[in-house]
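A quick write-up on the structure given underneath.
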Amino acid sequence: EGVDVEIEAPEQVYVGENVRYVFSQCKCDGILTSLRNVALKLDEPRTVNITYYVQYYLKVTSDFGDTEGTGWYNSSQKAVFRIINSTINVSEGIRKVFVEWRGDISSTSPVGQIVLNGPANVHAVFITQYFLNVSSEHSQVLSKTMQQNPSKWYNEGVEVTFYILDLTVDRDFFTYYSFEGWRGDIESTEPMVTLKMVKPYNIRAQWKLEWKISNIIIVALPITVAAAIMFWLTYSKKRKLKENNVK
């Protein structure tokens, strides 16, 4: 009787690796207080109730880029987590792209939500993409499946088939360009090529300037015939003059 007693409630009590109790309030003889320290004089029976609430730890990880959302959350609280950069350029023609969250929740959105009813772990999964650059000075280059320009980003391991639309392209009435093949990161004379995306590719179409022989003949033949006729007429005239002079 008459003794002074001091009670100090710990702010946090860890009951597991990712579970803890956090001090909420103290009730002393029915009177609430937010203080963790209580001083009593035992001049009568006293009752002190200390209340804690549960928190769970959310761990947000990624092999690439930074994340947000890791930390402690109250039980049944909704936690928001995100990947800061969903696309990360590694080097020229190579990048990492976020595809989904795995772990205690699955989602393909860069920003996710989870209700914490226990400790949780979520991990951001990235894939590697490579850029395919295919160019041609003449004609079009088309993707076999999409029927559009194949120059774009592709997931690692994907097979891409592309082809040159026209093997010959007119330059003018006398000449045309003839497709010779593909040069750059691949060497091929085939108009259609299939490759597997295991690295960035820079490919260009090689063309050769050719003569249109038939058109040249069409133009040259009349000129040649006319020249021959003129030559013959001139020759004949000179011959007659010569004969007349001889007489």
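Would it be correct to say that Phe81 is surrounded by 13 or more Cβ atoms within 10 Å (Cβ to Cβ) and not in a loop (DSSP other than H, G, I, E, B)? Break it down stepwise before answering.
Numbers: surrounded by 13 or more Cβ atoms within 10 Å (Cβ to Cβ): yes; not in a loop (DSSP other than H, G, I, E, B): yes.
Spelling it out, Phe81 is indeed surrounded by 13 or more Cβ atoms within 10 Å (Cβ to Cβ) and not in a loop (DSSP other than H, G, I, E, B).
Is it the case that Val60 is on the phi < 0 side of the Ramachandran plot and open to solvent by 70 Å² or more (accessible area, probe 1.4 Å)?
Against the criterion (on the phi < 0 side of the Ramachandran plot and open to solvent by 70 Å² or more (accessible area, probe 1.4 Å)), Val60 does not qualify.
What's the number of the only condition in (1) closer than 24 Å to Asp63 by Cβ; (2) open to solvent by 50 Å² or more (accessible area, probe 1.4 Å); (3) touching a residue at least 12 places away in the same chain (Cβ under 8 Å) that Glu180 fails to meet?
It fails just one condition, (1).
Going by the conditions given, is Asp166 part of a loop (DSSP other than H, G, I, E, B) and without any contact (Cβ under 8 Å) to a residue 12 or more places away in the chain? Can you show your working first?
Values: part of a loop (DSSP other than H, G, I, E, B): yes; without any contact (Cβ under 8 Å) to a residue 12 or more places away in the chain: no.
The answer is no for Asp166.
Being hydroxyl-bearing (Ser, Thr, Tyr) and open to solvent by less than 60 Å² (accessible area, probe 1.4 Å) is the filter; apply it to the range 1-50 and report the residue that is nearest to Ser76 (Cα to Cα).
Result: Ser24.
Looking only at the range 150-163, which residues are surrounded by 15 or more Cβ atoms within 10 Å (Cβ to Cβ) and in a loop (DSSP other than H, G, I, E, B)?
Across the range 150-163, the qualifying residues are Pro150, Ser151.
Got at least one residue in the range 100-115 being open to solvent by 20 Å² or more (accessible area, probe 1.4 Å), in contact with a Ser or Thr (Cβ under 8 Å, 6 or more places away or on another chain) and of a type in the set (Lys, Arg)?
So far as the range 100-115 goes, no, none of its residues is open to solvent by 20 Å² or more (accessible area, probe 1.4 Å), in contact with a Ser or Thr (Cβ under 8 Å, 6 or more places away or on another chain) and of a type in the set (Lys, Arg).
Assess whether Phe23 counts as being modelled with pLDDT of 90 or more and closer than 30 Å to Ala124 by Cα.
In short, no.
Within the range 35-73, which residues are under 26 Å from the mean Cα position of the chain (by Cα) and part of a loop (DSSP other than H, G, I, E, B)?
Asp63, Phe64, Gly65, Asp66, Gly69, Thr70
Select from the range 190-217 the residues that are modelled with pLDDT under 95 and polar (S, T, N, Q) and list them in ascending order.
Ser214, Asn215
Looking at Leu132, Leu142, which is the one that is under 29 Å from Ser109 (Cβ atoms) and either part of a strand (DSSP E or B) or in contact (Cβ under 8 Å) with a residue 40 or more places away in the chain (or both)?
So the residue among Leu132, Leu142 that is under 29 Å from Ser109 (Cβ atoms) and either part of a strand (DSSP E or B) or in contact (Cβ under 8 Å) with a residue 40 or more places away in the chain (or both) is Leu132.
For the range 88-109, check the following and say yes or no: at least one residue is in contact with a Leu (Cβ under 8 Å, 6 or more places away or on another chain), under 30 Å from Ala205 (Cβ atoms) and not hydrophobic (A, V, I, L, M, F, W, C).
There is no residue in the range 88-109 that is in contact with a Leu (Cβ under 8 Å, 6 or more places away or on another chain), under 30 Å from Ala205 (Cβ atoms) and not hydrophobic (A, V, I, L, M, F, W, C).
If the requirement is being of a type in the set (A, V, I, L, M) and open to solvent by 50 Å² or more (accessible area, probe 1.4 Å), which of these qualifies: Val125, Val90?
After applying the criteria, what remains is Val90.
For residues that are over 16 Å from Glu137 (Cα atoms), hydroxyl-bearing (Ser, Thr, Tyr) and part of a strand (DSSP E or B), tally how many sit in the range 169-208. I'd like the intermediate steps shown before the answer.
Pass one, the range 169-208, residues over 16 Å from Glu137 (Cα atoms): 173-174, 185-190, 192-201.
With the extra rule that they be hydroxyl-bearing (Ser, Thr, Tyr), the set shrinks to 188-189, 194, 201.
With part of a strand (DSSP E or B) added as a condition, the list becomes 188, 194, 201.
Here the count works out to 3.
Quick test for you: out of Glu1, Glu6, Glu11, Glu92, pick the one residue that is among the acidic types (Asp, Glu) and within 30 Å of Gly157 (Cβ to Cβ).
Exactly one of Glu1, Glu6, Glu11, Glu92 is among the acidic types (Asp, Glu) and within 30 Å of Gly157 (Cβ to Cβ), namely Glu92.
The values are calculated or read from the model by the stated rules, or taken from the named source; none is laboratory data. All values derive from a computational prediction rather than experimental measurement. Because the Cβ atoms are built from the backbone with ideal geometry, glycine has one as well, and the counts that use them run over all protein chains shown. Heavy atoms of the whole protein, side chains included, go into the accessibility calculation; ligands, DNA and RNA do not. Shrake-Rupley method; radii C 1.70, N 1.55, O 1.52, S 1.80 Å.
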